[in-house]
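Worksheet: the structure to be examined is printed underneath.
What follows is calculated from the coordinates using simple rules that are stated; it is not laboratory data. Since the structure is predicted, the reported quantities are computational estimates derived from the model, not experimental observations. Backbone-built Cβ (ideal geometry, glycine too); neighbour counts: all protein chains shown.
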Ligand SMILES: [Zn+2]
C-alpha cells in the first residue's frame, strides 16, 4: 500500500507575562515530522567562527564573528533545528506553511536553518526578528528544487524572550511580522492578515507579478499568499483554533503545566479530560492514525522565561509523543546529557529518541492507538514528572544564587549533575518499559 503524504505539521504557542500566573513568558512547541525521522537534542557552546562563511545544507552565507551558545532539537540529517533556545533567553520554533509562490530552481535556506541562525545570532526576540527577516530577504526560503530529496516549504516562526514575542510568516523572499500582545498559537496556516507591524519592501510587487489577489490599502498577507488548500484538509486551521481557544480560556492563569497539557492535547476542550484519549488526528499532539500513514510529533519544548532574575530559565524537553512521554528540565547553563544527542536514520537502542518512538509503537493494538495501553504508560511517568516539577524549581533558584555570586563553575557542575541524574532516571524507566511491553505484545 502506498504511504500517504507525510503529515509534516507543527504547533507553537506563547503566553506573555501579562497572561501567565507568575509573570513569565511561556513558549511551547510540538514538532511534527515523518514518523521515523529521528530528532535528537544537541547543545552547541559559544563559538568564535574561524571561517568567513557558514555552510548550510544548500547555500553558504557570510558568518558572524560569534555563534552564541544554544540548544536545538535537530532532525538527524539537518544542519538546522525545529526549535531551540539560546544563552540570551531567546527561544524560536517554526511551522511549515503553503503559499502560491512557485517552486524556485535556485537553492535557498531551509526554515529549520533559519531557526538555528536566529539562535546563533540574537540576544533578544526583537533582534532575532531583524536577523531572520534580513536572511529571508537576502537568501530566501520556501519551496525549491533540490537533488537531496528534501521536502522544502515556506515557514512561520514564533520567537520569544522573557518580555516579548513575535510571529514572522513568509512566502519565498517575502515576510510579515506581528508583535504578540498576550497569547498566540500558530500552526500550518498563515495567521497574519492586515494586522501586521512590519512587512518586506517587495511583498506587494511580488504579489502583483504573480497576479495574486491584493486587498488595498494594507496588504492582507495571509489572503494574498497563503495556499489554503495545500496543508492537509484544513488541519492547521483546526489545530490553531484549538491552541488559541485553550490559551484564551486559560488567560491570566497560564502556567507551565497548562502549556504542557496543550501540547499533550487529545481532549475535547475540557480541561479535565485533556490528553486522556485519542480522538482523531486533528489534536495538537499528533500521531499517525494507522500504519500506512506517516507523521508524528517528534519532539516538544516548553520554555519558561524569567525576566526578574529570581531563578534560571527552565526548558522542558520531550521526545516523540508528548502525551506518552515526559518533559525533562534542561538548563543551558549546565551540560545537557550527551546521550540525548544520540540518534540517526536507523533504529538504535542507545538512542533515547528511538526508545521513546518504541513506546508509541507499543501503545498500539494491531497498529491502532490503544487508550488503555496509553493510560498505563502515563501512570508510570506521572510521579517522575511531578518530582521534576518540584526539584527543577528548587535548583533553578539555587543555581541562580550561585550565578549572582559568580560561582559559575559550581553552578555548572550542579546543573550538569542534576540533568544527568534526571535523564538516567528517565532512561532506566524507559528501557524497563520498552522491555516489559515488548514481552507482553
Ligand atoms: Zn498524543
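Here are the numbers for this structure:
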| quantity | calculated |
| --- | --- |
| Alpha-carbon radius of gyration plus Dmax, which is the widest Cα pair, for segment 94-156 in Å | 12.0, 36 |
| Residue 387 versus residue 87: modelled label distance in nm, points set 7 Å from Cα along the beta carbon direction | 3.2 nm |
| Förster radius 45 Å - calculated FRET efficiency between residue 66 and residue 228 (Cβ-Cβ, nearest 0.05) | 0.65 |
| Length released on extending from residue 338 to residue 124, taking residue separation times 0.36 nm less the Cα-Cα span | 74.3 nm |
| Burial ordering of 180, 13, fewest other beta-carbon atoms within 10 Å first | 180, 13 |
| The chain pair-distance distribution - Cα-Cα, 20 Å bins, rounded % | 27, 60, 13, 0 |
| Alpha-carbon centroid distance for the pair segment 308-335 / segment 397-437, whole angstrom | 10 Å |
| Inter-site label distance for residue 405 and residue 375 at 7 Å from Cα along Cβ, in nm | 4.9 nm |
| Calculated FRET value between residue 214 and residue 425, using beta carbons and R₀ = 56 Å, to 0.05 | 0.50 |
| Hull-based mean projected area of segment 365-440, where the convex hull spans the alpha carbons, in square nanometres | 6.2 nm² |
| Gyration tensor (alpha-carbon) shape descriptor, segment 84-214, a/c threshold 1.5 | oblate |
| Relative exposure of 239, 364, judged by other C-beta atoms within 10 Å (fewest first) | 364, 239 |
| Residue 105 paired with residue 204, simple spin-label distance in nm, labels 7 Å along Cα-to-beta-carbon | 3.1 nm |
| Proxy reagent accessibility, fewest Cβ within 10 Å first, across 356, 76, 221 | 76, 356, 221 |
| Protection proxy ranking, peptides 115-122, 399-406, average beta carbon neighbours within 10 Å, highest first | 115-122, 399-406 |
| Euclidean distance of C-alpha centroids, segment 169-224 and segment 33-75, integer Å | 28 Å |
